[in-house]
Amino acid sequence: MHVGTYEQEDIGESCYHSSLAILESLLSHTITDDNHLLVTDMTAGTDAFAGSLHAQFDLIVMVVEPTQESTLVAKQYKALAEAANVKQFVTFLANKIEDEEDVLYLQSELGTEVIGEVPYSKEIKIQRRSGKSVFDLPVSVDQAFDRITTLAQKNRAEITTRLKLLIELHKKHVQADYIVSRHGNLLDQIDESFNYEGISY
């Protein structure tokens with residue numbers, strides 16, 4: 001499923017965050033069991049902190065290249081995740097790695113180990129241009145994806161705690177002046193009595 005894009009009539013008139021809000025709503029109403037994972041390819045950078053996206057996942061894998069530009073964004077994301085109390089859900093995947101020096105550079109800059117590595121590879125580029133899946137690539141990335149899957153399954157957020165955080169973020173958002181002036185009081189959208197007890201997957 002693809003959420004959000006620009007049409008010709010949207011040029012100069014709309015903000016991409018409206019599309020992110022649709023994704024946030026879908027995620028807020030989705031529950032997965034222990035046998036399923038929901039994978040989302042989010043917008044790059046720190047846009048996830050503009051709403052509630054940063055609080056919607058059991059694991060956020062940030063793809064980082066061994067460059068100053070990439071690590072600066074990753075460090076900013078890490079700092080925001082810490083401030084938002086979701087740092088434990090963030091990990092980093094090293095991309096376009098040519099040698100061990102690249103990995104050491106990333107770990108030094110980020111202050112943490114990476115969960116896996118994807119090598120810099122001409123074969124990957126050629127395969128992706130033809131639209132082939134990452135799992136069909138000649139260079140093995142299975143180990144990295146196995147680690148990501150394992151950590152995502154182990155890292156599940158306590159669902160009641162997540163619900164409380166999402167409610168707090170919603171309250172903060174709907175009390176912004178521009179929301180109140182345009183839509184009025186939206187605090188009554190929240191069902192304070194809701195809980196996940198008795199909900200089947």
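Which of GLU123, GLU168, GLU98 moves the most in a Gaussian network model of the chain with Cα springs under 10 Å?
Evaluated over the chain, the most mobile residue of the options is GLU123.
What pairs from LYS78/LYS172; LYS87/LYS171; LYS96/LYS164; LYS96/LYS154 go past 30 Å between their alpha carbons?
Check vs 30 Å cut-off fails for LYS96/LYS164.
Mean-square fluctuation check for the chain, GNM, Cα pairs under 10 Å: which of GLN189, GLN88, GLN143 is largest?
Top of the fluctuation ranking is GLN189.
Which values, in whole Å and largest first, are the semi-axes of the equivalent ellipsoid of the chain obtained as the square root of 5 times each eigenvalue of the Cα gyration tensor? Mind dumping the intermediate values first?
Details: eigenvalues 214, 87, 66 Å².
Output for the chain: semi-axes of 33, 21, 18 Å.
For LEU151 paired with SER28, estimate the spin-label separation in nm (one decimal), with each label point 7 Å from Cα along the Cα-to-Cβ line.
For LEU151 paired with SER28, the spin-label model returns 2.8 nm.
Please find, in a Gaussian network model of the chain (springs between Cα atoms separated by less than 10 Å), the residue of GLY131, GLY12, GLY45 whose mean-square fluctuation is greatest.
Answer for the Gaussian network model of the chain: GLY12.
In deg cm²/dmol, rounded to 500, what helix-only [θ] at 222 nm does the chain give when every DSSP H run of at least 4 residues adds -39500 (n - 2.57) and the total is split over its residues?
-13000 deg cm²/dmol
How high is the relative contact order of the chain, in percent, counting Cα pairs under 8 Å that sit 6 or more residues apart?
About 17 percent, as a whole number.
None of the figures in this text is laboratory data; all of them are computed from the coordinates on show. This one's a predicted model, so the numbers in the text were calculated from it and none came from an experiment. Here Cβ is always computed from backbone atoms with ideal geometry, including for glycine, and neighbour counts include all displayed protein chains.
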